[in-house]
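The values are calculated or read from the model by the stated rules, or taken from the named source; none is laboratory data. Just so we're clear, the structure is a prediction, and the values are computed from it rather than from any experiment. As a convention, Cβ positions derive from the backbone with ideal geometry for all residues, glycine included, and neighbour counts pool all protein chains shown.
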Amino acid sequence: MRIARAMFAACVTLVTAESVAAQAQADAPTRPPQVVARAEARFHEGERLFDAKQYPEACAAFDESERLDPQLGTLLNLAFCQETAGKTASAWREYSAGSVWGEQRGQHDRAAWALSRAFDVGKRLPLVLLVLAPEASGADGTSIRIDDDVVPVSDWFSPLPLDPGQHTLLVSAPGHRSQQIALLVAEGPSTQNVSVPTLEPLPSSPALATAEAPQPGPSRGDGQRVVGWVGLGLGVAALGLGTYYGIMTLSKKSDASGHCAGPECDATGVADQDEAHRDATVSTLAFGVGLASLGVGAWLTLTAASPPPPSSPPPPPVRAAIQPLLGPRLAGVGMVGSW
């Protein structure tokens, strides 16, 4: 069986629904024996290369093995390899997907380890925030690609985690000249603003016709106030989760006491104590997130600026997004944005 190389304590992180869904379906089909054998061979090759500190080659071998025959152990080894090689964004995504996949399969130890690694790597993620024209919406067919991946319109105004190093951003739209720019993403926790160029229409394009002037968007103060109220709502929800799991902790400890004599417990008692410990961890984290969200939400609401006078130029658009917050028996949401 393919296993991850180390164990760590459970934490909380973010994970995208697309990654979770893909991994949940990945192992459904039955694969031909020769494909499985190739996957096994590439997995063991990845182990050998990793031990030899040939990390790029090792990660490529784990990645091929995962694509040929998706397995949770392979995914976690790939994530650990990428983390070691400095590809923090890739490792974060795969740890996050692995934590949910492990919970869905009842492999709680692996899920807790992956969740812990995702939380730790998440604190070191470099983020890129695209700076677009106020009227940008993708309605005109504009496409933004980073390397070989299309950036969905829903992610245009959210911080994007990218691996440190060189990247290429390509902007294109029907009837316009495409533009390409180079990105250099630094290591470590940071948020880098990247201006997305405005495309010029081709000479023969009907887009040369005079377009309507864009209407001013909402004021900075209005947007900040909305984000503040969202933060307050998230804080209340997180405190509710913390309270619930705190009650569950006390219940599990009570159940365990009937199966323990002093420090000695039978199998049921040990299982109940483990459940109580995990519930206590989730409760503590939820209370921390709740208090932080309430504080930020209150500050944003109270410090929101008044609307600008009609003669003032429109301020930069508010950019905010809600992302899911998933973990062992924990569901919630997180908020990111700028204004």
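Some notes on this structure:
- Test for Ala136: is it aliphatic (A, V, I, L, M) and either at pLDDT 95 or above or in a helix (DSSP H, G or I) (or both): no
- Restricting segment 149-192 to residues that are assigned to a loop (DSSP other than H, G, I, E, B) and either among the β-branched types (Val, Ile, Thr) or on the phi > 0 side of the Ramachandran plot (or both), the residue that is modelled with the lowest pLDDT: Gly188
- Segment 193-204: number of residues that are more than 26 Å from the chain's Cα centre (by Cα) and outside any loop (DSSP other than H, G, I, E, B): 1
- When segment 104-123 is filtered for residues that are in a loop (DSSP other than H, G, I, E, B) and either without any contact (Cβ under 8 Å) to a residue 12 or more places away in the chain or within 28 Å of Thr191 (Cα to Cα) (or both), the ones remaining, listed by number, are Gly106, Lys123.
- Going through (1) modelled with pLDDT of 95 or more; (2) part of a helix (DSSP H, G or I); (3) out of contact with any Asp or Glu (no Cβ under 6 Å at 6 or more places or on another chain) one by one, Gln25 falls short only on (1).
- Check on Ser65, assigned to a loop (DSSP other than H, G, I, E, B) and either farther than 30 Å from Asp274 by Cβ or in the same structural domain as Glu275 (by TED's automatic domain parsing) (or both): no
- Checking Ala97 against (1) modelled with pLDDT of 90 or more; (2) assigned to a loop (DSSP other than H, G, I, E, B), the condition it does not meet: (2)
- Being assigned by TED's automatic domain parsing to the domain that holds Ser190 and either under 22 Å from Ser190 (Cα atoms) or not hydroxyl-bearing (Ser, Thr, Tyr) (or both) is a description that does not apply to Trp101.
- For the residues Arg105, Arg124, Arg145, Arg117, the requirement of being closer than 24 Å to Asn77 by Cα and over 16 Å from the mean Cα position of the chain (by Cα) singles out Arg105.
- The one condition in (1) surrounded by fewer than 16 Cβ atoms within 10 Å (Cβ to Cβ); (2) modelled with pLDDT under 95 that Ala41 fails to fulfil: (2)
- When each of Lys87, Lys123 is tested for being under 23 Å from Gly46 (Cβ atoms) and either of a type outside the set (A, V, I, L, M, F, W, C) or modelled with pLDDT under 90 (or both), the lone residue that passes is Lys87.
- Screening the candidates Gln192, Gln179 for the property of being in contact with a strand residue (DSSP E or B) (Cβ under 6 Å, 6 or more places away or on another chain) and either touching a residue at least 60 places away in the same chain (Cβ under 8 Å) or crowded, with 17+ Cβ neighbours inside 10 Å (or both) yields one hit, Gln192.
- Residue match in segment 226-235 (condition: at pLDDT below 70 and either in the same structural domain as Leu132 (by TED's automatic domain parsing) or part of a loop (DSSP other than H, G, I, E, B) (or both)): no
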